[in-house]
1. Checking Thr165 against (1) surrounded by fewer than 21 Cβ atoms within 10 Å (Cβ to Cβ); (2) touching a Phe, Trp or Tyr at 6+ places or on another chain (Cβ under 6 Å); (3) farther than 18 Å from Phe245 by Cβ; (4) among the polar types (S, T, N, Q), which single condition isn't satisfied?
2. Can you tell me which residue in segment 140-155 is surrounded by the most Cβ atoms within 10 Å (Cβ to Cβ), limited to those that are outside any strand (DSSP E or B) and not acidic (Asp, Glu)?
3. Find all pairs meeting these conditions: Cβ atoms under 7 angstrom apart; at least six residues apart or on different chains; first residue within segment 143-154 and within 19 Å of Lys128 (Cβ to Cβ); second residue among the charged types (D, E, K, R).
4. Consider only pairs whose beta carbons are under 7 Å apart and that are at least six residues apart or on different chains; among these, list those whose first residue lies in segment 190-208 and is in contact (Cβ under 8 Å) with a residue 40 or more places away in the chain and whose second residue is surrounded by 13 or more Cβ atoms within 10 Å (Cβ to Cβ) and assigned to a loop (DSSP other than H, G, I, E, B).
5. Any residue in segment 180-190 that is within 27 Å of Val59 (Cβ to Cβ), under 15 Å from the mean Cα position of the chain (by Cα) and either exposed (fewer than 14 other Cβ atoms within 10 Å of the Cβ) or of a type in the set (S, T, N, Q) (or both)?
6. Among the residues of segment 96-111 satisfying the criterion of being in a loop (DSSP other than H, G, I, E, B) and at pLDDT below 95, which is surrounded by the fewest Cβ atoms within 10 Å (Cβ to Cβ)?
Amino acid sequence: MYLPSSLFIDDYFHISLYNLMILIFLLILIGIMAYFIRESQKFNHSAELIQLQDSNKSVIQDNIQSKSPLLIHNLINDDVLSTMTFQSIVDDNPGYIIKDNDKNISLSIFNDDKIKQTYVIENQNMIKDLELYNPLNNICNTFSNELTCNLKIKLNLFKGDHKVTIQKNKHNSLLITQLFGDTIFYIINPKHNDIVAKSHDEIKKWAIKIILKKGLNLYIPPEWYYIYEVNGESIFVNSYSDNYFTFLYNYLR
């Protein structure tokens, strides 16, 4: 009768132990991911808008735990951001062409009185091209922690009258930074999850209305819905981020 050698048995044992350790690691990782995903999906049924005059990071982080929307004052300290207008960005970037999906748009049209209606929504390339990333990243750091990752900062330009259909925050953090003009936001608690198919005006009945003026920052908690309107001119930034345990789930959904 053939008996396996002790060397073969030792190798088999080591391979099996290695596979077992990998399996245990994966199960622990899946468990941690499931925990953070569940935590990000929890929401405050009685949440109300909290206004913060103090832009200290610890104050903001404490209020984020309440899972309430935050309106933060006194957070923009950079001169370029605080003085931004359509005139200034056109003057600072002569001849700049915006690559917006499959379209090429001259930045100068936003400063042309003959053009009454135009827009660019969530353009990430412009953040780098106009050298806005560093000052905006400094603002985002106030809302980040040691697990934060996958930061995306995107620029919005509006001229004329616009209504944007309902959106949902599918990230751990969504920060809206108003740089020029006003934008009217209507944010909706996830408990009103039946509003998705309703009209723009019907949605407003269940929303918290916020007139986001130049220099203000609006933090929208995970899972919250929102719509917004522009009547005139507006420049604002959307900054999204996840954490190491939720970014794959948030990316796929």
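1. Answer for Thr165: the failing condition is (2).
2. This residue is Phe143.
3. Cys149/Asp242; Asn150/Asp242; Lys154/Glu122
4. Pro190/Phe43; Pro190/Glu223; Pro190/Trp224; Ile208/Leu49; Ile208/Pro69
5. Within segment 180-190 (the criterion being within 27 Å of Val59 (Cβ to Cβ), under 15 Å from the mean Cα position of the chain (by Cα) and either exposed (fewer than 14 other Cβ atoms within 10 Å of the Cβ) or of a type in the set (S, T, N, Q) (or both)), the answer is no, since none of the residues qualifies.
6. My answer is Asp102.
The values are calculated or read from the model by the stated rules, or taken from the named source; none is laboratory data. If you're wondering where the values come from, they're calculated on a predicted model, not measured in any experiment. Glycine gets a Cβ as well: all are built from the backbone with ideal geometry, and neighbour counts include every protein chain shown.
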